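Visitor: One structure, pasted below without further comment.
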Amino acid sequence: MAIERKPEPKWVMVVDADRCSGCQACVVACQAENNVPLNTDAIFNQKRAHEWIRIERYWVSGDPDKRPDEVDFKNLKVKFLPLMCQQCENAPCEPVCPVYATYHNDQGLNVQVYNRCIGTRYCANNCNYNVRFFNFWEPVWPETLRNQLNPDVTVRSRGIMEKCTFCVQRIRRGDRLVKRENRDFKDGDVTPACVQSCPTGALAFGNIKDEKSAVAKMAHDDRHYRLLEEQGTGPNVIYLKKVDLHAAEDKAHE
Amino acid sequence: MSLPKVPLAVKVLVPLVGLVIGLGGLIVTVGILKAWWSTPFGPAVVKASQPIQFRHDLHVAAEIDCLFCHREALKGEAATIPSVQLCVFCHKVVLKDSPEIAKLLSIDQSGESLNWGRVHRLPDHVQFIHEAHVVFFSEQNKVQPSQVCSLCHGDVGKMKVAEQVRNLKMRDCVDCHRGGYFNYLTPEAEAAIKEAVTSGQRRAPPSDCATCHY
Amino acid sequence: MAFTRKEFLKLAGGTTAGAAILAACRPNVREFLVQSPSRLPEDLVNGIDNWYATSCAQCGSGCGVVVRVIEGRAKKIEGNPLHPLSGGKLCVRGQAGVQALYHPDRVRRPMKATGARGSGNFAETTWDEALAAVTPKLNEMKGAAAGSLLIVTDSLNGGLGMVAKRFAKAMQATHATFEPMEESALKAAIKQTFDQELLPDFDLGRSNFILSFGSDFLGGWISQVRHSRGYGEFRQGARKRGTLVQVDSRFSPTAASADEWLYVKPGAEGKLALSMAYVIIKSGLGDAVAARALTGGRGAAALEAYAPEKVAEATGVEAKHIEEMAKSFAAPENQPAIAIGGGAAGAQTNGVFNLTAIYSLNHLVGNVNKPGGVIFNPPPPIGDGTAAADRIAYAAGTSTSLGEWKKIVDSMKQGKVKAALIRNADVVHGLPASLGFAEALANVPTVVSFSSFLDDTTYWADWVLPSSLPLEDWADVPMNPGPGYEAVTFQQPVVRPFRDTRGFGDLLLTLAQELKLEKDLPWANMRDVLRQQAQKLHQLRRGSVTGATFEEFWGKLLQQGGWWDTNARVLPVTFVNGLTLTNPEPEFAGDAARYPYTLLPFQTVGIGDGRLAHLPWLQATPDPITTATWETWVEVNSKMAKDLDLREGDIVRIESPAGAIDAMVYPNPAASPDVLAIPVGQGHKAYGRWAEERGANIYSILDPREEKQSGSLAWAATRVKMTKTGKWKRIPKMEGSVVPIDFSNKVKVTNKDS
């Protein structure tokens, strides 16, 4: 048989915070792709909104000596940071699960197995990035809206933890594609919904083992860092820092 | 000193209650054990009621290939159920006077969709890809794709009413992925695959949870 | 048997495990229906996905999209990678298009009113009955006095606009178009500054310096996707990183992403731009020829009145700052630089003055119709006629000024309007309440709505003839603004109508046949209209789609989602119009003593101007700055809120000379103390379960004040006061749902070690 054994890819996302404009396109693209329950106002008020990818907004003081709440309104800045499951190499959520519902697979994904999950919520408590979401109630869609649900993705039920999967259903499609064509992964074979929609191109996704891939090149950008990497979680999402003209000045002062 | 006289009611009730509790406990225990390790109670397969008495046996006897109707089995996740138009394509001529076909034709006229009962049912939160399985077995065994279907679906050609023959629970899948699939390969194919897997040229069937659970 | 190990574990925890085990053995028969899109995942209908190209109609920009359709159901919308505007990308509003399709409160079939006008009581009926009732009424209009029939639509262009326009003309009807926050002032300013009828394309991606006045181009202004794609390139594309300066009265998402945000007093944008022009000309930067043409040969002296120190007070920007900004804008190393403006800057009574001044800066840096600058759009190659003016009208559509609306309302009140046909225009919600459109509509004997949703205006209708949604209908979209070259997007039905609806164009053509208007409207349906236009494109024998036969061309056209020719551009122009310095002062409704704050309505990235308020995904989309959702909030400067003893969620009464609404306080550290910014789009009386009776309608308290030159509504020219009501409500917002990860203090700019 002609199919050769290919090395497993390792999936990595790169987020260029300098491109991100906080437009939320990724958030809704993800909800549309992954059958994320509707976030009603009541759910927001309970602080239980599900956003597998969310945009965090940070107030930044324009004056290095003052906190954001101390400066004049004209002297404030904002930084947007898209945040999704970091698919940690050394994930804090994994060892605490009593039923092994979350584990790491060969492609570098932190997988959540819905069938195993019994809803202890230990993983969410142990997650450094707050990107795990618990279904406190059965998600409800009005009958007609169910026509939109994506059949490739499970509809989670009550009592189950869910999170960003790097659009594993699209990765599986990519697996079949490269197998059918008997070749290695290349850029564009797998594109998660958020990456596909992002109008500013702030998100990139690919196989970091492939040196020709865009993410492999971006991973060596001068601005790269990983969120909370000092805690040793080994995130598989690489961030490129937002360029701040004034921060550069601060550095000159140091 | 004589033993206090035990009332008859107590004499009967205590063992009876004990028996009920014991038996109840036994039932629950057996239930727990059975549910945990194997297929739960009840029939593994629930017969679906169908809006039209479709006869798989007749269609197979007429030498219609499985893939003629279930057209996507080689291309994607689902084998797919044919559209009413496809049925009507033949049946506007063939047997158009039969009462069941009349039902079909009237549904076609009304433009409604035909709500077939689901026959094969997987557990929750599982994805099954027809393409990968059908392609693998037909390539390895060097047979037509439609000869692969019966591995899971049984001999549909003998069924008046289609029914699920395997329980399609996780053990069923995993047993096959862990080596059971050799049983379905020709000796030559089996030898070739074993050789390729041991030499590292190709991967054994995946057993990663995320292969199916997403 | 529907009993899993998981459920078993759940049950084992209960006390009645045995009983429950037995009870759970009965399968739920409903779950076994293949076609039933039930709650269990394996019951979702699976099949092969088809991708169809069409055009997105969630906003007016006309991005090409591809829709994933499985077993006849639209599942997901993505950008069309071939399309010049979207390039495979899509914004939050576009993503939500599928939700409109399957909205549970969509009108199922034609309806007729059963209760009093405005009560919202309707009974379902059939198309035959509805058309049989409406057609004779329209037939009476045919011989009646001109203007007896009123047709209200959204700003239609392309084939649909042509059909609507011809229908109105043949019926001697008044054709009014309505969009709540339309950009008429911008169009007027573009005409004055560049002598262009169509809006230009802003080539942000190849620019090195963007100076933006009030235009929230990253928050949905004109074309979110086109501008965001450009912005991404501008930031970290192949060229050096550009600098973005946002001049705005509100800390918008664009201001948040900018390198520099300059707070400007509302209405003073034009003065600031002229001041920058003064500095540029005076310091000898920029294009001297253009400078002379702009100032009528007088040079900086003509703008003496706008010297930085003279406008510093009026604009609220320090003279030093104006000078710095002007010099960096015109500095040779920052070229090409581009100045754009719109939004609140154009929504003042001096809007055209502001925008003309802003866009004139482009002449000074000589970027007009050059890469990285303002690139003009040629008229599309098709139109209702072949003359350039016809083709321009085909793309531009029409817009009805506030003055004309006042006249229309008057003639309705006087009983001159006998029938009104309304499509996709929620005038009752969107026009300032003091104009009294709703009451005037009660005076019209027959009102027919073509809306697929019961919006506030449709509530007043006698008949509802639901028109199909864009994903179910035909259209061609000559984009305005286009991508800088000739381009037409084609919209095809990707799914069958989910409800018993018909296309609006098809309906008009059906009515035209009944009314014997074949002379003006010779087509049987919209598809024929489009095929006729496609014939013209086919005969050009150039562009992205060609074909030996027309059928081949038509097939490819629909497959690619449109036609464009990157070589068909506007030739370089040297036209520079002199600056007109009339009407520089903004006027506000309400005197500053009684009404201390300027009301700044703004569109959020989700529900926009309110036409998308019925979609739950968009309602739940957090505003990028406040992260608030689902409600109407007012952004109050944090320090001022503290002084006024206002906490987040306190309900305040916002009162203008024209009316009052309630809103929840959101203390925003970056809000100006002079301005109260409130998102528009809520406060619908109707419009489905997710929009009705939610928040407050800002449009209702706007003073109907006109922009002086274009006559459009000056929606940022109302002053308000704010009083505490003592009530409190929690603001539904994303912020605070989880502990934020404050990365900014921990990570250095560069990290070369790891």
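The values are calculated or read from the model by the stated rules, or taken from the named source; none is laboratory data. Values in this document were obtained by computation on a predicted structure and should not be read as measured data. No Cβ is skipped: glycine too gets one built from the backbone with ideal geometry, and neighbour counts run over all protein chains shown. For the accessible areas, the whole protein counts, side chains as well, though only heavy atoms, and no ligand, DNA or RNA atoms are used. Shrake-Rupley method; radii C 1.70, N 1.55, O 1.52, S 1.80 Å.
Visitor: Among the numbered criteria (1) at pLDDT 90 or above; (2) surrounded by 19 or more Cβ atoms within 10 Å (Cβ to Cβ), which one does C:Gln709 miss?
Guide: (1)
Matching residues to (1) hydroxyl-bearing (Ser, Thr, Tyr); (2) away from every other protein chain (no Cβ under 14 Å):
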{"site": "C:Gly94", "(1), (2)": "no, no"}
{"site": "C:Thr125", "(1), (2)": "yes, yes"}
{"site": "C:Leu149", "(1), (2)": "no, yes"}
{"site": "C:Thr153", "(1), (2)": "yes, yes"}
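Visitor: Exactly one of (1) closer than 30 Å to A:Ile53 by Cβ; (2) open to solvent by less than 20 Å² (accessible area, probe 1.4 Å) is unmet by C:Gly695. Its number?
Guide: Here C:Gly695 clears every test but (2).
Visitor: Same structure again: In segment C:534-560, which residues are under 12 Å from C:Pro381 (Cβ atoms) and among the small types (Gly, Ala, Ser)?
Guide: If the condition is that a residue be under 12 Å from C:Pro381 (Cβ atoms) and among the small types (Gly, Ala, Ser), then C:Ala534, C:Gly543 are the ones that fit.
Visitor: Kindly indicate which of C:Pro371, C:Pro432, C:Pro379 is within 24 Å of C:Arg611 (Cα to Cα) and touching a residue at least 40 places away in the same chain (Cβ under 8 Å).
Guide: Being within 24 Å of C:Arg611 (Cα to Cα) and touching a residue at least 40 places away in the same chain (Cβ under 8 Å) holds for just one of C:Pro371, C:Pro432, C:Pro379, which is C:Pro432.
Visitor: From the list C:Leu82, C:Leu101, C:Leu90, pick out the single residue that is open to solvent by 50 Å² or more (accessible area, probe 1.4 Å) and closer than 28 Å to A:Ala29 by Cβ.
Guide: Exactly one residue qualifies, and that residue is C:Leu82.
Visitor: List the residue pairs whose Cβ atoms are under 6 Å apart, where the first residue sits in segment C:100-115 and is away from chain A (no Cβ under 14 Å) and of a type in the set (A, V, I, L, M), the second is open to solvent by 30 Å² or more (accessible area, probe 1.4 Å) and part of a loop (DSSP other than H, G, I, E, B), and the two are 6 or more positions apart or on different chains.
Guide: C:Ala113/C:Asp462
Visitor: Can you go through C:Gly543, C:Gly547 and tell me which one is touching a Gly at 6+ places or on another chain (Cβ under 8 Å) and not hydrophobic (A, V, I, L, M, F, W, C)?
Guide: C:Gly547 is the lone residue from the list that is touching a Gly at 6+ places or on another chain (Cβ under 8 Å) and not hydrophobic (A, V, I, L, M, F, W, C).
Visitor: What residue, among those in segment A:125-138 that are of a type outside the set (S, T, N, Q) and crowded, with 18+ Cβ neighbours inside 10 Å, is nearest to the other protein chains (Cβ to nearest Cβ)?
Guide: Result: A:Tyr129.
Visitor: If you scan segment C:72-89, which residues turn out to be more than 10 Å from every other protein chain (Cβ to nearest Cβ) and not hydrophobic (A, V, I, L, M, F, W, C)?
Guide: Of everything in segment C:72-89, those that are more than 10 Å from every other protein chain (Cβ to nearest Cβ) and not hydrophobic (A, V, I, L, M, F, W, C) turn out to be C:Asn80, C:His83, C:Pro84.
Visitor: Of the numbered conditions (1) within 14 Å of chain A (Cβ to nearest Cβ); (2) more than 30 Å from B:Ala192 (Cβ to Cβ), B:Ala132 satisfies every one except a single condition; which is it?
Guide: Among (1) within 14 Å of chain A (Cβ to nearest Cβ); (2) more than 30 Å from B:Ala192 (Cβ to Cβ), B:Ala132 violates only (2).
Visitor: Then there's this: C:Ser215 is checked against (1) open to solvent by 10 Å² or more (accessible area, probe 1.4 Å); (2) part of a loop (DSSP other than H, G, I, E, B) and fails just one. What number does that condition carry?
Guide: With (1) open to solvent by 10 Å² or more (accessible area, probe 1.4 Å); (2) part of a loop (DSSP other than H, G, I, E, B) applied to C:Ser215, the lone miss is (1).
Visitor: Next up: Under the condition of being more than 22 Å from A:Leu203 (Cα to Cα) and open to solvent by 40 Å² or more (accessible area, probe 1.4 Å), which residue from segment A:78-98 is nearest to the other protein chains (Cβ to nearest Cβ)?
Guide: A:Pro98
Visitor: Now a separate question. Output the number of residues of segment A:170-184 satisfying the condition of being touching a Phe, Trp or Tyr at 6+ places or on another chain (Cβ under 8 Å) and in contact (Cβ under 8 Å) with a residue 40 or more places away in the chain.
Guide: Selection size over segment A:170-184: 2.
Visitor: Turning to a different aspect of this structure: Within segment B:86-98, how many residues turn out to be part of a helix (DSSP H, G or I) and either closer than 21 Å to B:Ala162 by Cα or of a type in the set (Asp, Glu) (or both)?
Guide: Residues that pass the stated criteria total 5.
Each row is one residue, and each column tells you yes or no for (1) out of contact with any Cys (no Cβ under 8 Å at 6 or more places or on another chain); (2) away from chain C (no Cβ under 11 Å); (3) β-branched (Val, Ile, Thr); (4) open to solvent by 40 Å² or more (accessible area, probe 1.4 Å).
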{"residue": "A:Trp11", "(1), (2), (3), (4)": "yes, yes, no, no"}
{"residue": "A:Cys23", "(1), (2), (3), (4)": "no, no, no, no"}
{"residue": "A:Val28", "(1), (2), (3), (4)": "yes, no, yes, no"}
{"residue": "A:Val36", "(1), (2), (3), (4)": "no, no, yes, no"}
{"residue": "A:Gln46", "(1), (2), (3), (4)": "yes, no, no, yes"}
{"residue": "A:Ile53", "(1), (2), (3), (4)": "no, yes, yes, no"}
{"residue": "A:Tyr58", "(1), (2), (3), (4)": "yes, no, no, no"}
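Visitor: Further, regarding this structure: Across segment C:247-295, what is the total count of residues that are within 14 Å of another protein chain (Cβ to nearest Cβ) and under 25 Å from C:Phe588 (Cβ atoms)?
Guide: Looking only at that region, the number is 13.
Visitor: On to the next question. Could you list, in sequence order, the residues of segment B:106-134 that are buried (at least 17 other Cβ atoms within 10 Å of the Cβ) and part of a helix (DSSP H, G or I)?
Guide: Result: B:Ile107, B:Asp108, B:His130, B:Glu131, B:Ala132, B:His133, B:Val134.
Visitor: When segment C:363-396 is examined, which residues are found to be under 16 Å from C:Arg569 (Cα atoms), more than 26 Å from the chain's Cα centre (by Cα) and crowded, with 23+ Cβ neighbours inside 10 Å?
Guide: Across segment C:363-396, the qualifying residue is only C:Asn367.
Visitor: For B:Phe54, state whether it is under 20 Å from the mean Cα position of the chain (by Cα), modelled with pLDDT under 80 and hydrophobic (A, V, I, L, M, F, W, C).
Guide: no
Visitor: Return yes when A:Pro68 is part of a loop (DSSP other than H, G, I, E, B) and facing chain C (nearest Cβ under 7 Å) and no when it is not.
Guide: yes
Visitor: Can you tell me which residue in segment A:103-119 is farthest from A:Arg170 (Cα to Cα), limited to those that are among the polar types (S, T, N, Q) and more than 16 Å from the chain's Cα centre (by Cα)?
Guide: Step by step, filter segment A:103-119, then rank; the result is A:Asn115.
Visitor: Among A:Asp18, A:Asp41, which is the only one that is over 30 Å from C:Glu692 (Cβ atoms), of a type outside the set (S, T, N, Q) and facing another protein chain (nearest Cβ under 7 Å)?
Guide: After applying the criteria, what remains is A:Asp18.
Visitor: Continuing with the same structure: Are any of the residues in segment B:180-196 within 12 Å of chain A (Cβ to nearest Cβ) and at positive phi?
Guide: Looking for residues that are within 12 Å of chain A (Cβ to nearest Cβ) and at positive phi, one finds none in segment B:180-196, hence no.
Visitor: Still on this structure: Name the residue that is nearest to A:Asn236 (Cα to Cα), counting only residues in segment A:148-170 that are more than 10 Å from chain C (Cβ to nearest Cβ) and not basic (Lys, Arg).
Guide: Once the filter is applied, the top-ranked residue is A:Phe166.
Visitor: Give segment A:115-151 a look and list any residue that's of a type in the set (D, E, K, R), part of a loop (DSSP other than H, G, I, E, B) and free of Cβ contacts under 8 Å to residues at least 24 places away in the same chain, or say none.
Guide: Within segment A:115-151, A:Arg116, A:Glu138 meet the criteria.
Visitor: Within segment C:597-612, how many residues turn out to be away from chain A (no Cβ under 13 Å), of a type in the set (A, V, I, L, M, F, W, C) and farther than 21 Å from C:Ile654 by Cα?
Guide: Residues flagged as away from chain A (no Cβ under 13 Å), of a type in the set (A, V, I, L, M, F, W, C) and farther than 21 Å from C:Ile654 by Cα within segment C:597-612 amount to 0.
Visitor: Output the residues belonging to segment C:404-430 that are part of a helix (DSSP H, G or I) and either open to solvent by 20 Å² or more (accessible area, probe 1.4 Å) or among the aliphatic types (A, V, I, L, M) (or both).
Guide: Once the filter is applied, which keeps residues that are part of a helix (DSSP H, G or I) and either open to solvent by 20 Å² or more (accessible area, probe 1.4 Å) or among the aliphatic types (A, V, I, L, M) (or both), segment C:404-430 yields C:Glu404, C:Lys406, C:Lys407, C:Ile408, C:Val409, C:Asp410, C:Ser411, C:Met412, C:Lys413, C:Val427, C:Val428.
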